[in-house]
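Step one of this worksheet: look at the structure below.
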Amino acid sequence: MKEKAKDQKFILYVQTSDAPERQYSPLVLAQTAKAMDVKALVYYLGAGLRILKPGTAEKIKLGIFPSVKDMIDKTLQMGIPIYVCEASKQMLGWDKVDLIPGVKIVGAATLNDLALDADSTMWF
């Protein structure tokens, strides 16, 4: 785990849901934090992983927003890491399921470490 700069704030956004209406908030907020020079990280947990299967996020587009896949791509392009819980993958019975490119699969202890390091956490 990288040490954060003492003067840089860090917000952890945790996505636990696969509900379409709940997909935009953590991505929009993480992108906004980055624009404010706040370190941001998005962590997918539990049912939230279902959104990361190829072809799923492309199908979700609400209101005037781009697709969730476009939002995920922009988040990654901005240098905001997206982590995926390995234990959640196992819980869903996904031994060999591919996820969209760019996300990083991490152990469950990583979420605890991130929460301890973060100045704030937001759960969706």
Asp95: at pLDDT below 95 and not in a strand (DSSP E or B), yes or no?
-> yes
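Yes/no matrix, rows are residues, columns are (1) over 14 Å from the mean Cα position of the chain (by Cα); (2) at negative phi:
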site: Gln23; (1), (2): no, yes
site: Met36; (1), (2): yes, yes
site: Gly46; (1), (2): no, no
site: Leu62; (1), (2): yes, yes
Inspect segment 104-118 for any residue being part of a loop (DSSP other than H, G, I, E, B) and under 24 Å from Val68 (Cα atoms) and give the result as yes or no.
-> no
Can you name every residue in segment 32-49 that is crowded, with 18+ Cβ neighbours inside 10 Å and not in a loop (DSSP other than H, G, I, E, B)?
-> Ala33, Lys39, Ala40, Leu41, Val42, Tyr43, Tyr44, Gly48, Leu49
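The values are calculated or read from the model by the stated rules, or taken from the named source; none is laboratory data. Because the structure is a prediction, the values reported are computed rather than measured. FYI the Cβ positions are ideal-geometry reconstructions off the backbone, even for glycines, and counts take in every protein chain you see.
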